[in-house]
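The values are calculated or read from the model by the stated rules, or taken from the named source; none is laboratory data. Treat the numbers as computed from the prediction; the structure is a model and nothing was measured. A quick note on method: Cβ atoms are made from the backbone with ideal geometry, for glycine too, and the neighbour counts reach across all protein chains shown. Keep in mind that these areas ignore ligands, DNA and RNA; they rest on the heavy atoms of the full protein, side chains included. Shrake-Rupley method; radii C 1.70, N 1.55, O 1.52, S 1.80 Å.
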Amino acid sequence: RFRDIGLEAEGRSSQWGKSIPNLRQDTGQLGVIYSVSRYAKFHPYGKYLVGIGSMDFPAFKNIPNYTHDTFTITSAAAGADVQAHGHLWLRAEYQYQWWHNTFGPNTTNPNGVTIGAQWDFRKANSH
């Protein structure tokens, strides 16, 4: 069913507290999402995204001016949208990212759960 396939753009920003000073990650990604819309108030989905990750980090001892870099990233995620009331939907998602060639041939793999809310501007339950 092609009506369940869409494009998704996503931006994230994570700034770590005092445990790692000056660590911040920002991402911008675009990709494909498949959302199962056959259920009226529950839409499970999966998505795959590709983009750019920007990282600020503490200086290395032997390279004191190297505190920022950008990397190619890909991510896969699965989650669900649940209709809370009318046009208000709640979303929960698990995402796994691959930051390719981070500081050489290594790949960093941050992952985690996010929750959020969204407002559907279409007629409620028009799926």
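A few comments on the model shown:
- Alpha carbon convex hull of the chain, volume per residue in cubic angstrom: 112 Å³
- Based on protein heavy atoms only, the chain ends up with 65 Å² per residue of surface accessible to a 1.4 Å probe.
- Among residues other than residue 114 with Cβ under 9 Å from its Cβ, the summed charge is +1 (Lys and Arg +1, Asp and Glu -1).
- Area of residue 47 that stays accessible when all protein chains are in place (1.4 Å probe, Å², to 10): 10 Å²
- Given charges at Cβ of Lys, Arg, Asp, Glu: the chain dipole, positive-most of 83, 7, 64: 83
- Among 68, 85, 100, the sequence by solvent-accessible area, most first, with a 1.4 Å probe is 85, 68, 100.
- Proximal aspartates and glutamates to residue 41, defined as alpha-carbon separation beneath 19 angstrom and excluding residues fewer than eight positions away on the same chain: 4, 81, 93, 120
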